[in-house]
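A short write-up of the structure that comes next.
The values are calculated or read from the model by the stated rules, or taken from the named source; none is laboratory data. Bear in mind the structure is a predicted one, so any value in this text is a computation, not a measurement. Here the Cβ is made from the backbone with ideal geometry for all residues, glycine too, and neighbour counts use every protein chain on show. Note: areas computed on protein heavy atoms with side chains; ligands, DNA, RNA excluded. Shrake-Rupley method; radii C 1.70, N 1.55, O 1.52, S 1.80 Å.
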Amino acid sequence: MYAVMSATGNIGSKLANILLDKGEKVRVIGRSSQRLKPLLDQGAEAAVGDVSDATFLTNTFKGADAVFALIPPNYAADDFRAEYNAVGANIVKAIQDSGVKHVLFLSSVGADLPEKTGVIKGLRDVEQRLNKLEGVNILHLRPTYFMENLLANVGMIKNMGNMGSEIKGDVKFAMIATQDIAPVAADHLVKKDFSVKAIHELLGERDVSMYEVTKIFGEKIGKPDLQYLQFSAEDSKKVMMDSGISADVSDQLLELGQAINDGLIAVKQQRTAENTTSTSIEEFADFFAQVYEIS
Ligand SMILES: NC(=O)c1ccc[n+]([C@@H]2O[C@H](COP(=O)([O-])OP(=O)(O)OC[C@H]3O[C@@H](n4cnc5c(N)ncnc54)[C@H](OP(=O)(O)O)[C@@H]3O)[C@@H](O)[C@H]2O)c1
């Protein structure tokens, strides 16, 4: 049996589906049995509760051959890194108390760096907490920037008529569709082909710049002249906070954007067959256009 955290989220939902399709037993974790229902209808077992509850997590991990662990991002958090550490401590306790021996942790590229990586610093902290566990096989799966982040531009195009962020328009960086992360996670979980403190980075199909993304999306949604604007830090923060993101998370996202602009992460990383996946930005643009259409 596999325990899947955040089973209604981007990666957890796809992972749970793949495991169920393979005929595996899956315990799906989320806060609402209603939202978990599509997976329960396919035979998954529900574990309804909150990641702030270490006892709930322990009971949920008990009996699992392997766990898919993920920290749900709370973009309204007053202290994003502290929240990641609090949930990370609960996950570590639950692993210890449940006795589970294989854990795949969803981390991020950049978790190797100690500073200047914004929201990724909390993931690095949790990796290090997990690495202190003895006798547990841990794989840190480190995907790059999710293409799904680009969906935030739907509202911007509708309201402002352009795309934009703090990221420079001409910097090419690695982006991945979450549908390419879940199969890799499923494969590792089923094969259990990892031992203590393993790392697998995922960089998507190729590096692309925001100018290229904007051209591709613009053509798909019938706006071939769509423009991308690089915002100042101040304007970016205002856009983020206006959309409900806390001041701290906005600052952390700005720091991440700066890391991309400076080539610290996701830029010019060496590509291999192991870290390259198949979904192109052109294919993701079809999904972007569908979301744009119904929004
Ligand atoms: N965005 C990126 O570019 C990027 C890149 C690398 C790594 N990451 C990491 O990827 C992770 C996010 O993955 P994702 O996009 O698959 O997640 P997601 O779609 O944001 O899903 C998170 C899920 O967690 C559940 N959840 C939220 N709060 C919870 C709580 N307090 N207790 C229990 N469940 C809760 C929610 O489901 P319910 O509401 O149904 O409970 C939600 O579906 C984060 O850890 C992030 O740091 C992100």
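Give the number of residues within the range 124-142 that are in a helix (DSSP H, G or I), within 12 Å of the ligand (Cβ to nearest atom), in contact with a helix residue (DSSP H, G or I) (Cβ under 8 Å, 6 or more places away or on another chain) and open to solvent by less than 20 Å² (accessible area, probe 1.4 Å).
Filtering the range 124-142 down to residues in a helix (DSSP H, G or I) leaves 124-131.
Then drop every residue that is not within 12 Å of the ligand (Cβ to nearest atom), which leaves 124-127.
Narrowing the set further to residues that are in contact with a helix residue (DSSP H, G or I) (Cβ under 8 Å, 6 or more places away or on another chain) leaves 125-126.
Those still in the list that are open to solvent by less than 20 Å² (accessible area, probe 1.4 Å) too: 126.
Matching residues across the range 124-142 total 1.
So, of the residues in the range 198-216 that are surrounded by fewer than 16 Cβ atoms within 10 Å (Cβ to Cβ) and over 22 Å from ALA289 (Cβ atoms), which turns out to be farthest from the chain's Cα centre (by Cα)?
It comes out as ALA198.
If you go through the range 25-34 one residue at a time, do you hit one that is free of Cβ contacts under 8 Å to residues at least 12 places away in the same chain and within 14 Å of the ligand (Cβ to nearest atom)? Lay out the reasoning, then the answer.
Going through the range 25-34, the residues free of Cβ contacts under 8 Å to residues at least 12 places away in the same chain turn out to be 34.
Keeping just the survivors that are within 14 Å of the ligand (Cβ to nearest atom) gives 34.
Within the range 25-34 (the criterion being free of Cβ contacts under 8 Å to residues at least 12 places away in the same chain and within 14 Å of the ligand (Cβ to nearest atom)), the answer is yes, since at least one residue qualifies.
Residues being at pLDDT below 95 and basic (Lys, Arg): count how many of those fall in the range 187-211.
So the answer is 1.
Anything in the range 4-53 that is part of a helix (DSSP H, G or I), open to solvent by less than 20 Å² (accessible area, probe 1.4 Å) and of a type in the set (A, V, I, L, M, F, W, C)? List them, or say none. Can you show your working first?
The initial filter retains those residues of the range 4-53 that are part of a helix (DSSP H, G or I), namely 10-21, 33-40.
Within this subset, residues satisfying the condition of being open to solvent by less than 20 Å² (accessible area, probe 1.4 Å) are 11-12, 15-16, 19, 36, 39.
Hits for the range 4-53 are ILE11, LEU15, ALA16, LEU19, LEU36, LEU39.
In the range 226-247, which residues are of a type outside the set (Gly, Ala, Ser) and open to solvent by 40 Å² or more (accessible area, probe 1.4 Å)?
Taking the range 226-247 first, the residues of a type outside the set (Gly, Ala, Ser) are 226-231, 234-235, 237-242, 245.
GLN227, LEU229, GLN230, GLU234, ASP235, LYS237, LYS238, VAL239, MET241, ASP242 - these are the residues of the range 226-247 that are of a type outside the set (Gly, Ala, Ser) and open to solvent by 40 Å² or more (accessible area, probe 1.4 Å).
Just the residues that are within 13 Å of ALA182 (Cβ to Cβ) and under 18 Å from the mean Cα position of the chain (by Cα), please, taken from the range 9-41.
GLY9, ASN10, ILE11, GLY12, SER13, LYS14, LEU15, ALA16, ASN17, ILE18
For ASN159, only one of the following conditions fails: (1) touching a residue at least 24 places away in the same chain (Cβ under 8 Å); (2) part of a helix (DSSP H, G or I); (3) open to solvent by 60 Å² or more (accessible area, probe 1.4 Å). What is its number?
All conditions are met except number (1).
For the range 59-71, state whether one or more residues are under 23 Å from LEU151 (Cα atoms), open to solvent by less than 60 Å² (accessible area, probe 1.4 Å) and touching a helix residue (DSSP H, G or I) at 6+ places or on another chain (Cβ under 9 Å). Give the derivation first.
Of the residues in the range 59-71, the ones under 23 Å from LEU151 (Cα atoms) are 70-71.
Keeping just the survivors that are open to solvent by less than 60 Å² (accessible area, probe 1.4 Å) gives 70-71.
Retained after the next criterion (residues that are touching a helix residue (DSSP H, G or I) at 6+ places or on another chain (Cβ under 9 Å)): 70-71.
Looking for residues that are under 23 Å from LEU151 (Cα atoms), open to solvent by less than 60 Å² (accessible area, probe 1.4 Å) and touching a helix residue (DSSP H, G or I) at 6+ places or on another chain (Cβ under 9 Å), one finds at least one in the range 59-71, hence yes.
Residues that are within 30 Å of ASP242 (Cα to Cα), of a type outside the set (A, V, I, L, M, F, W, C) and in contact with a His (Cβ under 7 Å, 6 or more places away or on another chain): does the range 97-107 have at least one? Show your work before the answer.
The initial filter retains those residues of the range 97-107 that are within 30 Å of ASP242 (Cα to Cα), namely 106-107.
Checking the rest, the ones that are also of a type outside the set (A, V, I, L, M, F, W, C) come to 107.
If we keep only those that are in contact with a His (Cβ under 7 Å, 6 or more places away or on another chain) as well, we get 107.
Yes, because at least one residue in the range 97-107 is within 30 Å of ASP242 (Cα to Cα), of a type outside the set (A, V, I, L, M, F, W, C) and in contact with a His (Cβ under 7 Å, 6 or more places away or on another chain).
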